[in-house]
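Chemist: Please read through the structure below; I'll follow up with questions.
Just so it is clear, none of the values below were taken in a lab; they were calculated from the coordinates. Bear in mind that the values here come from a model prediction, so they are computed numbers and not experimental data. No Cβ is skipped: glycine too gets one built from the backbone with ideal geometry, and neighbour counts run over all protein chains shown.
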Amino acid sequence: MEIQALESVRPQMHPHIPVPIGSELIAEVPRMNLRLKISLLGMEKGHFLITKLFPQDLVGTFRNEAIRDSEMKMSFLHGDTVYGFETQVLNIVTHPTRMFFLAYPKKIEELRTRTNTRYDCILPAVSMVGNEIVSMVIVDISKHGCQGIIRTTPGKDEPPRRLFSVDKRLDLKVQFPGNEYKSNIVGKIRTVATDADKIMLGIQFDEMAPLVGADFHNFISLVTEIKRQ
């Protein structure tokens, strides 16, 4: 797919970045051959972005002076589209956690659009996270993945949000309509975004067992028929 600059459809000096605070982004540092996961903490539009580095992504000694002023290529998922932009490291804060101040991008580009259709739905599901069983609701689904939402309540015991990270595997038990049993679907977390009262996960499915696959495709056929009506 040919890259199309959003700047052409949003002619403004400082483009809007369509990603919620707390979302994970992939950062590439070409001159150091580094690929890192970072979380968006905040921004001052037109001036800078504030991001937090995931420590487990670093191997060996990480020297602040080596990456300061480096060019970065960022990518992130929003809705059904992968976006990207180029930026530069302005400053690094190491305490109490390692944060990057990045230059605000001059343009946002559309890198890739999903080809598979996604359908809105409400499907109860559970998964084991750490030592706890976590309930979630699948709010959209396709043949290759879904988006799940975990409701959280500040001040109450809940799974630590750090347990939900990109590339983490999940075993989902999903309750399809009409079934008395829960179907087991294995997947991998591709995106994570957090809000005050919820955690939003983008999940990519693995290949399904025949029985689970039959239940899944029956459900997809059902929602496809409903959408056509």
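Chemist: Provide the packing ranking of 87-97, 189-199, i.e. peptides ordered by the mean count of other C-beta atoms within 10 Å per residue, highest first.
Modeler: Ranked from most to least packed, the peptides come out as 189-199, 87-97.
Chemist: Let me know the Kirkwood hydrodynamic radius for segment 139-219, please, with Cα pairs as the basis and the value in Å to one decimal.
Modeler: Value: 13.7 Å, from the Cα pair sum.
Chemist: Can you flag which of K106/K198; K52/K182; K143/K198 are past 28 Å Cα-Cα? Write down the numbers at each step before the final one.
Modeler: Working: K106/K198 31 Å; K52/K182 37 Å; K143/K198 25 Å.
Where the Cα-Cα span goes over 28 Å, the pairs concerned are K106/K198; K52/K182.
Chemist: Pop the C-beta distance of K182 and R68 into the FRET formula with R0 = 35 Å and round what comes out to the nearest 0.05.
Modeler: Details: r = 50 Å, r/R0 = 1.43.
So, using R0 = 35 Å, E works out to roughly 0.10.
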